[in-house]
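As C-alpha cells, the structure follows; a few thoughts come after it.
Nothing in this text is a laboratory measurement; each read-out follows from the coordinates by a stated rule. Source: prediction; values computed, not measured.
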Amino acid sequence: MIRVSRFRAPSAGTFATMLRDELGWGSLSRQAVYNWETGRSRVPADAILAAAHLANISVEELFEIANRFRRPATVT
C-alpha cells in the first residue's frame, strides 16, 4: 500500500518527506519507507492512513489497488 501511494509522488525522498509531515513525525527515512514496501518491517496503521490521504484516495481504494499488485500464491 505504501508503494502504491509513493508512485503518486515525484520521488521516494519527496514521498518520505510528505509522509513524515503528514504524520507529524520528527523524522522518516527513505530506508524506512523502503522497508515497509518490501515487507522487511511492518507499516504502522497511522502511516497507511496518511499514505491514503496523500494519494487522495480512501484506505479501501488503497487496499484494492495494492491487492491487484500482489503475486498470486503458487500452488505446489
Rounded to the nearest 10, the angle in degrees between the Cα long axis of helix 12-23 and the longest principal axis of the Cα atoms of the chain comes to 70
Once normalised by the length of the range 2-68, the mean sequence separation of its alpha carbon contacts under 8 Å that are 6 or more apart gives a contact order in percent of 40
For Cα Rg over 2.2 N^0.38 Å, with candidates (i) 1.11; (ii) 1.21; (iii) 1.43, the value calculated from the shown model is option (i)
